[in-house]
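Only one structure is covered here, and it is reproduced in the block below.
Computed from the coordinates by the stated procedures, all read-outs in this text should not be read as laboratory data. Just so we're clear, the structure is a prediction, and the values are computed from it rather than from any experiment. Here the Cβ is made from the backbone with ideal geometry for all residues, glycine too, and neighbour counts use every protein chain on show.
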């Protein structure tokens, strides 16, 4: 499990969310709007990005899922709060970048540490085997 420190940048992200201005997040370094999630056709070892992102957190991944210390492109990333509750998830895209859905259906490509503080302060990486 890797820790994510709180920062001034993360507090700025919280401010955008509080104003329901998620598209304004693109003003910050390390975050860019990817596209509408319904347009995404990523398939990772037979596992759909859209199903993963939009499915309820309680829905288990049916194929094999193995935790790893060092992620590679296409691995799953889960964000956890201090109680160990999964608060957010995404797909690791390499170079410390993550593709994940924020709010209604906006998908952002963002630095691993550039998420709202409410999404947690720890991450875990998983390799999926189909």
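Fewest neighbouring Cβ atoms within 10 Å first, the residues 7, 82 line up as 82, 7. Computed from the C-beta positions of residue 12 and residue 111 and an R0 of 22 Å, the FRET efficiency is 0.95 to the nearest 0.05. Residue order for 80, 119, fewest other beta carbons within 10 angstrom first, comes to 80, 119.
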